[in-house]
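Rule-based calculations on the coordinates, nothing more; no lab input. Quick caveat: nothing in here was measured; it's all calculated off a predicted structure. In this analysis, Cβ positions are derived from the backbone assuming ideal geometry, glycine residues included, and neighbour counts consider all displayed protein chains.
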Amino acid sequence: MKVQFLFTLLVVLFATIASAKPLKARGLAGDLVKTVKNLLHHGIGTFFDPESEGGSQGACGPYADENSQIVAMNAHQYGNLNKKSHWCGKKLKICHKTKCTIATVTDACPGCDNGCLDLTPAVWGQLESDYNKGVIPIAWDEWDGEDEDSDEDDERT
C-alpha cells in the first residue's frame, strides 16, 4: 500500500513540474515583462556628421552639427520622409551597455533599419568612446524627463 501511494505521489509531483510554466509566461508577472520589453526599442546605433552627411538642416527643420545632441530616426519609424514626423522634436533616452544619454529627434535616416538610430558624434561619445566601432547595440524609448541622471548605471543592451 505504501509503495502504491509513493508511486502515485511521485507521478503527481512529476506531472505538476512538467506542466509548470516559466515565470515569464505566467499571469501578471509575464504580462508585465512583455509590456516592459515592448516599451523599449532595440537596434543599432551608428554615427554621422550632420554638416557633411545629409546637410546641416535635418528632416525636422533645425540645423545641427557634430556637437548637437540630436539623432536621426530610422525611415520605418520616422514615416514619410517628405514630411515632418510625429517623432520630430521628441527626446529619446538612448542606452548602450551601462551608459545612457538623452537626445532629440531632428532628422531621418533613410538607410537605417527599424529600431536603429543615427547619432551625432556628441551623442555617440556619451555612449561609446571608441569611434572606430562604427556600430553599437542600443535600447531607446521616448524620454519623459522624470529621471534626472542620464548616465545612470542601467544594463539595457
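Sorting the segments 93-99, 119-125 by their mean number of nearby beta carbons within 10 angstrom, highest to lowest, gives 119-125, 93-99.
Computed from label points 7 Å out along Cα-Cβ, the spacing between residue 133 and residue 40 is 1.5 nm.
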